[in-house]
Amino acid sequence: MGATIAVLSQKGGTGKTTTVRTLADVLRRRGLRVLAVDLDPQGNLSDYFDVPPEADPTIADVLMDRATIAEAAHDGVVPANLTLAEAELSLAGKMGRELTLRRALGSVADEWDLVLIDCPPSLGLLTVNALVAADDALLTAEAQYFALQGVEQALEVIDLARESLNPELTWLGVVLTIADMRTVHSREAQASLKEHVGDKLFATTIRQSIAYAESAERAVSILDHRPDLGADYEALADELLDRLDRT
């Protein structure tokens, strides 16, 4: 399979980290070797996977050439913490800084069927590194009024990465998350996105529920905590594999 997907959003609170965690869970249970890379200094993905806070090395060590991706992978998760913010500052003065993650992931290209990168909720150097390292980009957007604006801003960064550093990068589409389709507001947000991005909008929407916060707090997959909600991600995984042209 060998695909690397950068999962990004222009802002926080769009279900991005939950999407990475749960897609990894779904695809692993289908027998795929999935590496999850936490590229957010907040380390929420690492917490969600219950990686110990003292886990060492981390993605910051990888970016600073102090460790390899293989050394930093803890049970299929490359964790992050606040030291990643320091690493990003250090990267700013490094030659070829945008290629750092790409080079690091190249060393394990044959060991994983899929690499999912949880980008920070901003469009800075770490996100650019993810897009340069990725084969594909996946956007998450909350079902609310400003969703389209956030998608357009993220697409500008994707285009920039494609034009200058990664011409093979493709955009898989946008997933509407934290959606309550019973409300007019969510339905209007969905219609607006559909009008502007067409088939790039995934048919699957991820339903809003407090259960996601509960499962994150307990470091338990939503597939086990609330299988009925996990069905949304099962459907999303089907669509994702179809768009990747893999079964």
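Some observations on this one:
- Screening the range 215-229 for residues that are in a helix (DSSP H, G or I) and open to solvent by 60 Å² or more (accessible area, probe 1.4 Å) and picking the one that is farthest from Tyr145 (Cα to Cα) gives Asp224.
- Verdict on Ala203 being out of contact with any Cys (no Cβ under 8 Å at 6 or more places or on another chain), part of a helix (DSSP H, G or I) and either without any contact (Cβ under 8 Å) to a residue 60 or more places away in the chain or open to solvent by less than 40 Å² (accessible area, probe 1.4 Å) (or both): no
- Condition check for Ala189: free of Cβ contacts under 8 Å to residues at least 40 places away in the same chain and either in contact with a Leu (Cβ under 7 Å, 6 or more places away or on another chain) or not aromatic (Phe, Trp, Tyr) (or both): no
- In the range 81-107, residue modelled with the lowest pLDDT [restricted to those that are open to solvent by less than 10 Å² (accessible area, probe 1.4 Å) and either more than 15 Å from Asp65 (Cα to Cα) or in contact with a Ser or Thr (Cβ under 8 Å, 6 or more places away or on another chain) (or both)]: Leu91
- Residues located in the range 104-128, provided they are assigned to a helix (DSSP H, G or I) and under 16 Å from Glu168 (Cβ atoms): Leu105, Gly106, Val128
- Count - residues of the range 22-63 that are within 15 Å of Ala237 (Cα to Cα), touching a residue at least 24 places away in the same chain (Cβ under 8 Å) and open to solvent by 20 Å² or more (accessible area, probe 1.4 Å): 5
- Looking only at the range 115-149, and only at residues there that are among the β-branched types (Val, Ile, Thr) and in contact with a Lys or Arg (Cβ under 9 Å, 6 or more places away or on another chain), the one that is modelled with the highest pLDDT: Val132
- Tally, over the range 150-191, of residues that are open to solvent by less than 40 Å² (accessible area, probe 1.4 Å), modelled with pLDDT under 85 and farther than 20 Å from Gly124 by Cα: 4
The values are calculated or read from the model by the stated rules, or taken from the named source; none is laboratory data. Since we're looking at a predicted model, the values are computed, not measured. Neighbour counts run over all protein chains shown; Cβ positions are idealised from the backbone, glycine included. For the accessible areas, the whole protein counts, side chains as well, though only heavy atoms, and no ligand, DNA or RNA atoms are used. Shrake-Rupley method; radii C 1.70, N 1.55, O 1.52, S 1.80 Å.
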